[in-house]
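Structure record follows, encoded as structure tokens.
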Amino acid sequence: MAGRGGRGMSREQAIAADPALSVWVGASAGTGKTKVLTDRVLRLMLAGAAPERILCITFTKAAAAEMALRLSGRLARWATADAGLLTDELFALLGRRPAVSELATARRLFARLLDTPGGMNIQTIHSLCQSLLRRFPLEAGLPPHFELMDERDAAELIATARERLFAEAAGDAELGAAVDRLATLFDAEAFAGLMATVIGERHRLGRIVAAAGSLEAACRRVAAVHDLDPRATPESELAAACAPGGYDEVGLKAAAEALVASSGKDDVVRGRALAGWLAAGEDERVTRFEDRLSATMTAERKPRARLMVKATQEAAPAAFAALRREQDRMVELEDQRRAAATVAASVALLRVGHRLAALYEAQKRIRARLDYDDLILGAGRLLDTPGIAPWVLYKLDGGIMHLLLDEAQDTSPEQWKVVERLTEEFFAGDGAVHEQAGSDADGMPLARTVFAVGDPKQSIYRFQRADPAGFKRMQAFFAARVTGAARGWRPVELRQSFRSVRAVLDAVDAVFARQPAADGVVEPGQALRHEAARIGQAGVVEVWPLAVAEKLDPDDAWVAPVVREPQDDPMGRVADAIAGTIRRWLDEGEMLEAQGRPIRAGDVLILVQRRNAFVGRMARALKVAGVPVAGVDRMALIEQIAVADLVALGRALLLPEDDLTLAAVLKGPIIGLDEAALYRAAVDRRTSDGRMPLIRALRERAHGDAVLRAAAETLSKLARAADRMGPYDFYADLLAAQGGRQRLVARLGPEAEDAIDEFLNLALAFEQTEPPSLEGFLAWVGRSAVEVKRDLEQGRDEVRIMTVHGAKGLQAPVVFLPDTIRLPRPPAGPVWLEDPAPMLLISPGSADVSDMVRDAQAATAMEDRQEYRRLLYVAMTRAADRLYVCGWHGKPDAPADSWYALVQGALAGMAEPSEMALPGGIAGPGWRLTCPQDGPATPGSVEAAGPEMAAVGLPPALHPDRGLPPEPVPSRPLAPSRPDDDPPPARSPLGDAGVRHFRRGRLVHRLLQVLPDLDPAVRADAARRFLAAPAHGLAPDEVAPLAAEVEAVLTHPDFAPIFGPGSRAEVPLGAVIGSRVISGAVDRLLIAEDRVLVVDYKTDRPPPSDPVRVARHYLRQMAAYRAVLRRIYPGRRVETALVWTDGPSLMHLPDDLLDRWAPDPDAGDPTERRG
């Protein structure tokens, strides 16, 4: 192939993988950057660099895992490949014939990697910073035992800090005034958003205060740039304008008289209002200021084009001149008022935000917790602190020889700071070359290197402070450092895509060849051009007709609104069109021509800009159509109706006197009362002492009403269960044994399944860290606004619905883009300025935006539009074979800058027009761009067409999908044995009886573990105290009998020694019996001089009445343990028994019974031998 520098990679990839060079790679989508990273690490290791000296920083944990798997897979192949195959693969990697020493080194690398503590040093930037802080906690000013919080825990601490802030505001006049101003200007949701913003950007807020010298100085700086006093407010500016000297009283009186005498009706109205304002007292003038303002300004506070009719102007020129001067004053006053509104709001936000951040930091310090931002900021401070940083860098200097950075375009300035400091000694003096950095083919030591790969076109994380310009800025920084040290430096551009077919790439190039799509994606003066590696493979790009909201003709005659009229749902029609299309493909076996197979559900990826109503509607449409769907990648749990019903039920059980919540539960799916039944329960509840609570009315009226009686009984039963169960057990029992899941899904549809499952997972997670309290759980859920992240990267055959951000780094043969009309929201909220000084500004509303804020918002809006287009680039380039662009809108034409308009406009000049009729009733003209299948299909992943083996033409033995020989028996190295059949089913913990047996068995198991270690004289008393603990939920009359039963097991004549002195608990066993590897652990073991006693506990399963009825799984297990012990202790009798904790009871297992299940020394598996 032309342009190859070696048989396995392109010339550009070969340069990027050269271990002697520091390289900066710009990699377009699908160009194999992960392969380049992997190849570079392999070449560094071949050159002698120790695996632990190579640091790879990835953007996500998934990317780190993928890279580690690729590396270990390649090295494992090298370790076992024959000489010819290994030579071929190294030839492809090196671009030359490998030396004999390199072949030997390649074979040893896998073993060297296994011997490396912790394996390859591949981690995210957050993991790197966490390990750095773990290594130097005291230098970083952190407690050595600090823990990392997840988002849920952080949200809870923020809520705690906010509550403390409000408590402090009650006793601090200045802070209280700031809180009051923000609460007056912003609603509850906006206020919460402001607090989240300042917490998320608290390091910037801290930098603002530090740059000014103090909080007060920062407040004065905000006022100074607006030429105002820090105490200025819109009210104070208005009061000054109404005070004596704040207006031309003589001129305004003349203007008012002239307007009243005017022939223009509008002039007369404004003149009378102005005259009334002049006649009012000073305080009243402030409240009636609109009367004065209307004389010269419009209702939108813009200058009036005409102040008075022409005749009046000519008749009273002095009055007209006075009115003109007044208009100028009002324009200036409006500017001052807007500036004062911005200053007052900004100063209040500074005070509140600074205090909230301090309280949040205090909460974290008390608990020794860090959030993810703390990792980056703490590492940055550690590496930048005078007196400490040099010591830390000295300790690290011998640890990192080569640094590789993935997804560099999404690195924030704070993260770049960490990278910059870590590489500070790479290119300084003797640090530039190190013996542990490896050596080149001539044996010369390699220089330490920096490698970064990224693509500014795919920078879509501005909300995480990612800066696409930072990629170029840091490229220039490292270029100067490397070349200044006289070391090798090469910038490389990768354009050849191994992911997408020609049709998809042509569409991408066409879209971003035009303005405005190119703005923010393509560098000025450059053209976007992708080269397709998948030549001759079929693909298609389609632009479907827009689903437009149809206006329904109303009936001419008015009718009573007793029937709900159907409303057009264009969004739903798009979802139905996509679901119907996929269903048709599956039914008809639609072929994915490039891969020579039918399309599967798992081939389809549906991408949206943000999680919105369409996501749920799309999931529902797919489920209705019978298309397997993986659900959504992120779920705001409390917003799901099924979860809201479950939470409401819990709250109603905890506080049944809450009539509104109880009524919602009664009407909901769990109880299921209809309107009539709820009315019977709730109507006419007045009593002599007030209104009767709904729960009391329900119970009283249940006696003569079967429906209400069933509801009351269900509530009482659930209340009893909630009293004695933890949240997980309660909800699991409700949803399974009580049929709650079935009723929720029947009412809400199959999409409720995901929410129910995640709610149960959340309850389980809560119990792992908190006391199992229903009230605590519900409060925890409500406080933390839980958002569940779900991993949709699994290889299940299901359609995936994801945001474009979530799909970054992923790909799919078929991609749908339905959310193509939405434009970026206009900027609102705080703006962060760096010039003329670091500042935080906010305007309370669109009518109060100062010029400085407006300019900053305009700049932000431009950056938002640029990222919006980069998001489109990322979305389009996820498609490997097929791309479908569709959307819905209230008008026939899409907004000019929308994704739909950008794609449609580009394809109109190159694609074929096509009349389309789609499911969901969508029909009309669309566009279709195709490329034919001109060569043989290539089954498997689209990535296989690119990098490693396809271009090299290596033998099939090196193909990753090749058939592998059977593993030798026994395996080397030995692996723990696995049972040959499944264990018998456990007793269900659901239901009253199940819960009792479940808890009883666990208590017995625990006692059998701890009592043998106690003095026999105190065992009985210790057992009773343990069982009587309220947390165990045993009735008083159950404690003594159960303790006696456990004592009977411990003192059983045949097995008392095994619970006595010299016995051991949890003993691991292992041996090879014939060709069978047996490994496990027994619960109790005693080694005597003439015999060996072994006992295993069985919990949560009903005991059989006779040993012959014991499940064969257990008999095989105990026979295997017996065989191992006979091998270890030849000549001693081995006796076995099972303790059934559901009782408890001890069961001796006869030898003749176990003989039938003993491992056959001549076979690979234990077999049953009869007779």
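Just so it is clear, none of the values below were taken in a lab; they were calculated from the coordinates. Worth saying up front: this structure is predicted, and the values here are computed from it rather than measured. Note that we place each Cβ from the backbone using ideal geometry, even for glycine, and neighbour counts take in every protein chain shown.
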Those residues of the stretch 250-269 whose amide nitrogen sits under 14 Å from the label point placed on A311, 7 Å along Cα→Cβ: 259-268
Inter-label distance for E493 and S101, nm, one decimal - labels placed 7 Å from Cα along Cα-to-Cβ: 3.9
I1073 long-range amide H proximity, modeled H, under 5 Å: I1078
Given charges at beta-carbon only (K, R positive; D, E negative), |dipole| of the stretch 992-1155 in Debye: 560
Semi-axis lengths, Å, the stretch 211-271, gyration tensor of Cα atoms, sqrt of 5 times eigenvalues: 42, 11, 8
Approximate spin-label separation V331-T769, in nm, with each point projected 7 Å along Cα-to-Cβ: 5.8
Euclidean distance of C-alpha centroids, the stretch 5-68 and the stretch 226-280, integer Å: 72
Per-peptide average of other Cβ atoms within 10 Å, ordering 324-331, 156-163, 36-43, 1148-1155 highest first: 36-43, 156-163, 324-331, 1148-1155
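Can you give the FRET efficiency to the nearest 0.05 for R610 and H1148, using r as the Cβ-Cβ distance and R₀ = 51 Å? List each step's numbers first, then the result.
Values: r = 65 Å, r/R0 = 1.28.
Once rounded, the FRET efficiency stands at 0.20.
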Residues whose placed amide H lies under 5 Å from that of I460, excluding near-sequence neighbours: none
13 Å reach of a label modelled at E523, 7 Å along Cα-to-Cβ, counting backbone N of the stretch 8-27: 24-27
Rough spin-label spacing in nm, given labels placed 7 Å along Cα→Cβ, for A847 and E675: 4.1
Percentage, to the nearest whole number, of Cα pairs in the stretch 992-1155 over 29 Å apart: 21
Cα pair distances of the chain binned at 20 Å [whole percent]: 9, 26, 36, 22, 5, 1, 0
Helix 83-94 vs. the chain, principal-axis angle (Cα, 0 to 90°, nearest 10): 20
Relative packing of peptides 1127-1135, 235-243 - highest average C-beta neighbours within 10 Å first: 235-243, 1127-1135
Too-long pairs where the Cα-Cα distance tops 18 Å, listed order kept, from K61/K457; K472/K808; K35/K472; K33/K61; K61/K808; K265/K310: K61/K457; K472/K808; K35/K472
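Can you figure out the FRET efficiency of R1025 with A183, using R₀ = 41 Å and their beta-carbon distance, to the nearest 0.05?
Taking R0 as 41 Å, the efficiency between R1025 and A183 is 0.15.
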Fully extended contour minus Cα-Cα distance, from E1045 to A861, at 0.36 nm per residue: 58.8 nm
HN-Hα J in Hz across the stretch 492-507 - Karplus 6.51, -1.76, 1.60, θ = phi - 60°, x for Gly and Pro: 9, 10, 9, 10, 7, 8, 9, 9, 9, 7, 4, 4, 5, 5, 4, 5
Nearest 10 degrees, 0 to 90: helix 372-382 Cα axis against the chain principal axis: 90
Rounded tilt (10° steps) of 1036-1050 against the dominant C-alpha axis of the chain: 40
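Given 0.36 nm per residue, what is the gain on full extension from H703 to I535 after removing their alpha carbon distance, in nm?
Residue separation times 0.36 nm, minus the Cα-Cα distance, leaves 52.7 nm.
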Dipole magnitude of the chain, debye to nearest 20 (Cβ charges: Lys/Arg +1, Asp/Glu -1, about Cα centre): 1620
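Which value in deg cm²/dmol, rounded to the nearest 500, describes the helix-derived mean residue ellipticity at 222 nm for the chain, given -39,500 (n - 2.57) per DSSP H run of n ≥ 4 and division by the residue count?
Working: 41 runs with 546 residues, N = 1171.
Mean residue ellipticity at 222 nm (helix-derived): -15000 deg cm²/dmol.
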Per-peptide average of other Cβ atoms within 10 Å, ordering 868-879, 909-920 highest first: 868-879, 909-920
For the stretch 637-789, the Rg and Dmax computed from alpha carbons only, in angstrom: 15.8, 53
